[in-house]
Amino acid sequence: MASTNVVHVYPPTAAMWIVEGIDQAAGGSLDQNGIQPREVDGLDGVLWAPFLHDGFQHLIGNTVPFLLLGVGIALGGIARVAAVTVIVMLVGGLGTWLVAPAHTNHIGASGLVFGFAAYLVARGVFSRSLGQIAMGLVVIAIWGTTLLRGLVPEDGISWQGHLFGAVGGVLAAWLLHRRKERSTAPATVG
């Protein structure tokens, strides 16, 4: 069952690679469809930005952690992967749209990567499950320094996307944990 859930991480990854291939053939013109802060036309970038990358090197840098962290989430089921992805995309994208500097264009799946990592760490904190805490500690051990460095403002790097992606991951962990708690709570009889 878990192995079939893991397979659901691959279609978005394949879509990222297909889109980058098309973008390369189109001379990079698709990249202009990213998140453009406080521009109404830039809001659709919330949906498109994770699939757009500034070349194959940028895409490769996001693909490996996206797959590995996504597999960690997929072990909990396809519905969990979908819920975490949607929450992280919306919170990360809208946060970036609201606070990033005007006249910038934000692209890439790194907001999702930061959200996935934050979700896996926060999930252990909220659930207090030893297995999930261990998974969170592995994430911190492998990507902790990179994640912290990605929050430092640097030209050409969307630290806003990283920050709000991580916020989305923590929010997803909290919301999904609360939902699980409610569904397993004993019924109240009056």
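The values are calculated or read from the model by the stated rules, or taken from the named source; none is laboratory data. Keep in mind that this is a model prediction, so the values were computed, not measured. Counting neighbours? That spans all protein chains shown, and the Cβs are built from the backbone with ideal geometry, glycine included.
Any chance the range 76-93 includes a residue that's assigned to a helix (DSSP H, G or I), touching a Lys or Arg at 6+ places or on another chain (Cβ under 8 Å), surrounded by fewer than 17 Cβ atoms within 10 Å (Cβ to Cβ) and touching a residue at least 60 places away in the same chain (Cβ under 8 Å)? Within the range 76-93, none of the residues are assigned to a helix (DSSP H, G or I), touching a Lys or Arg at 6+ places or on another chain (Cβ under 8 Å), surrounded by fewer than 17 Cβ atoms within 10 Å (Cβ to Cβ) and touching a residue at least 60 places away in the same chain (Cβ under 8 Å).
Checked against (1) within 30 Å of Q132 (Cα to Cα); (2) more than 13 Å from the chain's Cα centre (by Cα), G27 meets all criteria but (1).
Restricting A141, A134 to those that are under 18 Å from I73 (Cβ atoms), touching a helix residue (DSSP H, G or I) at 6+ places or on another chain (Cβ under 8 Å) and either among the aliphatic types (A, V, I, L, M) or surrounded by fewer than 16 Cβ atoms within 10 Å (Cβ to Cβ) (or both) reduces the list to A134. Being farther than 22 Å from V19 by Cα, part of a helix (DSSP H, G or I) and touching a residue at least 40 places away in the same chain (Cβ under 8 Å) is a property that A102 lacks. Looking across the range 74-99, the residues that are modelled with pLDDT of 95 or more and either under 12 Å from V113 (Cα atoms) or not aliphatic (A, V, I, L, M) (or both) come down to V84, T85, V88, M89, G92, G93, G95, T96, W97.
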